[in-house]
Amino acid sequence: MKIQITGVREIQDALIKLNTAINIGAEKAAKRMADILKEEAKNSAPIGTPQSTGIPDYIISEASKKSIRRTQFRKQRNRYISGVRYGGLIVNPNTGRKVDYAKALEFGHSRKQAPRGILRPAVGKTSNKMLRAALLKIRLEMRRIK
């Protein structure tokens, strides 16, 4: 009995194209998700003092808000990484040194300062939107396959 299979090369070529499209889509998705999170964090971070916000011990400066940024995109094996961070760009006017209050703002600190999260609430608000954007980016790349 002789069995002949034809079209294997075409299937291999199609799978290579699909893999390429998914990788391009995943890269674009990682960047888009980070951009969505960054914008939500910037838009929802209340700038002010305890008096202006009505929140005890609350101080988030305009500089803290401006320091919210997307991190450099990178690929590790089959993972596409892009994130959002803030802090580290603020310069103390008295010393001229960069200071980073982000961890204390986000998580609180040992002096019983309550957490005043910026990124964590933004993740909660945008998780569904980020997922939809990621799927859209991947689907768009898959549709471009000829």
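No lab work stands behind these numbers, since they all come straight from the coordinates. No experiment lies behind these values; they were computed from the predicted model shown. Cβ coordinates were reconstructed from backbone atoms using ideal geometry, including for glycine residues, and neighbour counts include every protein chain displayed.
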Exposure-ranked with fewest Cβ neighbours within 10 Å first, Met33, Met1, Met130, Met142 stand as Met1, Met142, Met130, Met33
Karplus-derived 3J(HN,Hα) from phi for the stretch 28-41 (6.51 cos²θ - 1.76 cosθ + 1.60, θ = phi - 60°), whole Hz, x at Gly and Pro, runs 5, 5, 4, 5, 5, 4, 5, 5, 4, 5, 4, 5, 5, 4
Spelling it out for Tyr101: with amide H atoms placed in the peptide plane at 1.01 Å from N, the residues 5 or more places away or on another chain with amide H under 5 Å from its amide H are Gly88
Placing each pseudo-label 7 Å from Cα in the direction of the beta carbon, Asn128 and Gln76 end up separated by a distance in nanometres of 3.1 nm
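Just add up the charged neighbours of Ala26: K/R +1, D/E -1, any other residue whose Cβ is under 11 Å from the Cβ of Ala26. Don't skip to the end; give the middle numbers.
Working: positive: Lys28, Lys31, Arg32, Lys75, Arg79, Lys137; negative: Glu27, Glu141.
Neighbourhood net charge equals +4.
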Partner lysines whose C-alpha sits under 16 Å from that of Lys125, ignoring same-chain residues fewer than 8 away, are Lys38, Lys42
PRE zone check, label point 7 Å out along Cα-to-Cβ of Met142, amide N under 17 Å, scope the stretch 5-34, hits 14-30
